[in-house]
Structure formats: structure tokens, C-alpha cells
1. Among DSSP beta bridges lying fully in the range 90-285, give the percent that are antiparallel, nearest 5.
2. Which trypsin sites (Lys or Arg not before Pro) from the range 182-239 combine a DSSP loop assignment with at most 13 other Cβ atoms within 10 Å?
3. Any chance you could check the Cα centroid distance between the range 33-67 and the range 80-108 for me, in angstrom?
4. Let's test this: bin the Cα-Cα distances of the range 147-199 at 10 Å from zero up to the farthest pair and state each bin's percent.
5. Report, to two decimal places, the Cα Rg of the range 235-281 normalised by 2.2 N^0.38 Å (N = number of residues).
6. Which three semi-axes in whole Å describe the equivalent ellipsoid of the range 44-185, each the square root of 5 times a Cα gyration tensor eigenvalue, listed largest first?
7. Extending each Cα 7 Å along its Cβ direction at R237 and S250, get the distance between those two points in nm, one decimal.
8. Quick check on the range 90-285: what does the Kirkwood estimate of hydrodynamic radius come out to from the alpha carbon pairs, in Å?
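Coordinate-derived values only; no laboratory data. Values in this document were obtained by computation on a predicted structure and should not be read as measured data. Because the Cβ atoms are built from the backbone with ideal geometry, glycine has one as well, and the counts that use them run over all protein chains shown.
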Amino acid sequence: MIVPPSWLGWRTHLLSPLLDAALKRESAARGLRHHARTFPGALHESEQAAARAAELGFALDPDWQARHMRTAALDRRDNFARLLRVRLADPAGLETRGQWPEGRFAALGLHWGAGFPVLAHLLDSGRQPAFVYRPENSNEFDSVPQRVFNRLHLRALHGFGHCIAVGGAYRRISAAVAADRVPVILFDAPASGSARVMEFQPSPYRVFLRQGLLQLLAEQRLPFVFFRCGQHPDPARRLLEISPLIEAQSVGEIGSRAAEFLLETLTRDSAQWHLWPVAEALLARSRQPARTSSPPPPIARGVQT
């Protein structure tokens with residue numbers, strides 16, 4: 001572990017992904033690994049995440065913490081890349097499996113891997129994404145740098161054209177669909193305030209999902225796909241997977257499919273999940289037999305580059 005001098009602080013570490021994004025250096029992969037390890041608090045956060053994952057029964061390999069830190073570093077770099085209008089869905093750097101459907105649909109994903117390349121890929125495919133997000137309160141951040149980075153993150157998201165803040169989002173999501181936009185929803189965001197949740201029990205876990213989202217999809221009879229975009233075995237590339245279109249109609253069926261997708265993704269690689277600090281709001285162990293640790297099948301067939 002390389003410990004940076006204290007005088008470098010967060011400023012230098014925010015400049016590192018900015019320079020990588022701006023220059024597209026050949027050494028970007030090496031610089032990213034260094035940035036991932038030395039970013040203030042990165043090691044501590046990865047240690048806590050690994051401990052939580054182990055408590056919940058997910059297998060940890062020797063590279064788990066490095067992938068967890070690298071996922072966060074890629075997310076920071078993507079923020080600056082978008083602010084600089086650097087292309088994020090470059091076919092040379094993104095392998096895709098599956099494709100976005102035609103017509104009206106919602107894209108459901110997780111706080112897993114990378115999000116910005118997904119929005120860029122939708123735009124490149126001729127779709128207009130409408131990203132749904134929950135605004136953070138300023139008192140949820142421990143420091144000024146965190147608040148600054150959150151503002152930059154929101155600015156980068158709005159750079160894709162259309163965002164929908166939760167709180168009366170039902171009507172705006174319906175309007176987005178009517179305007180031929182694609183709602184992009186990370187359904188693992190934990191419920192806040194008085195929001196209701198539904199429990200699903202895919203073995204060996206209990207999964208808690210927001211009821212409002214499930215009701216919206218069912219009442220609107222809105223077809224959807226699952227997607228995930230994570231680290232590719234080639235460190236210079238990303239892998240975007242898109243499921244076939246799903247036309248489930250009942251709240252229970254939609255929720256069951258979403259809970260299974262969450263567990264499949266975490267079984268595939270729990271290191272790339274960003275929400276380990278609030279995992280208890282989403283996951284709990286049941287007393288059923290544990291599922292196998294072998295990786296699940298891909299969610300899409302066929303490869304496009």
C-alpha cells in the first residue's frame with residue numbers, strides 16, 4: 001500500500017482521474033491502479049466492504065479489494081470524462097452482449113460496476129435516457145470534498161440530457177416514456193423515509209425492494225431489460241450486458257426477477273457493488289441452504305463490439 005503525503009490531500013487525487021480522462025494516456029491503466037489504491041480512504045472502505053460481503057456469505061478472492069477500489073476509481077474517472085465530454089461508449093473500449101430493444105421500455109440496473117458508459121451507449125444507439133436518482137442531502141456528506149464531488153457527479157449525469165429526481169417521480173417517469181425516453185433506474189437504491197418495501201426470498205437470502213418502482217412497472221405495463229456494465233478481463237475495456245426484453249405484469253413477478261438479478265450479479269462479482277455500506281437495508285441471510293458460488297450464466301447471448 002502506497003501512502004501519499006498528507007499535504008497532497010484530496011485535491012491531487014481528484015486531479016489524477018481528470019488528467020487520465022483528458023489525456024487518454026497509454027499509461028492510464030497503470031495510473032488508475034495507483035489512483036485506486038492511494039485515494040484517501042479507499043483501503044479502509046474496501047476493507048469494510050469485504051468484511052460485510054463475507055458476513056453475508058459472498059466468496060472473496062485475493063483480488064477482491066483491488067477490484068472494489070478500481071471500481072470506485074473508474075467511477076470517479078468517468079465523472080471527469082463526462083464533464084470533459086470525453087467519449088465513454090467507444091466501441092474499442094466497450095464490449096456489448098445483447099442490445100437495447102425497440103419501442104417503450106425501462107432499463108433496470110444496479111449500483112454495480114460503471115453507469116456512465118450505459119447512458120452513453122443508449123445515446124449512441126439513438127435512445128434518450130432519463131436517469132432516475134435520489135438527490136443527496138448535504139448533511140449526508142462528511143466533508144466538503146464529498147459535497148463538491150457529488151455536485152460534479154450530478155452535473156455529469158445531467159450532461160446526458162435528462163434526469164428525474166425521486167419524489168413525485170412516478171408522473172415524470174410516465175411522461176418520459178410518453179416522450180420516447182428510456183427510464184434508467186438503479187433498483188437497488190434503499191428505500192428512504194416512509195417509502196414502503198417488499199420482501200422477496202431467493203435462496204439463501206431475503207431481498208428488500210422499493211414497492212413504488214415495482215408498482216409503476218406493473219401498472220404501466222412497462223416492459224424492461226436488466227443491464228450491468230462492469231470491468232472486462234482486459235483492463236482497457238468494459239463489458240456491457242443487456243438482457244432480453246421482459247414483459248412481466250405482476251408486482252410479485254417483477255420483484256422476484258429483480259431480486260434474482262441482484263443476487264446473480266453479486267454472485268458473479270460482489271467486489272463491483274457500490275452499496276456495501278447500506279447492504280443491511282437490501283439483503284439479509286435466510287435459513288435456507290446457501291447457493292453455489294459458481295458464476296451464473298450471462299444475461300445476454302451474442303457479442304457485439
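1. Roughly 40 percent of the DSSP beta bridges within the range 90-285 come out antiparallel.
2. Taking the range 182-239 and a limit of 13 other Cβ atoms within 10 Å, the loop trypsin sites (Lys or Arg not before Pro) found are R196, R221.
3. 27
4. Values per bin, smallest distances first: 18, 45, 32, 4.
5. After normalising by residue count via 2.2 N^0.38 Å, the value is 1.42.
6. Calculated on Cα positions only, the semi-axes equal 27, 20, 17 Å.
7. According to this spin-label approximation, the distance is 4.1 nm.
8. 17.4
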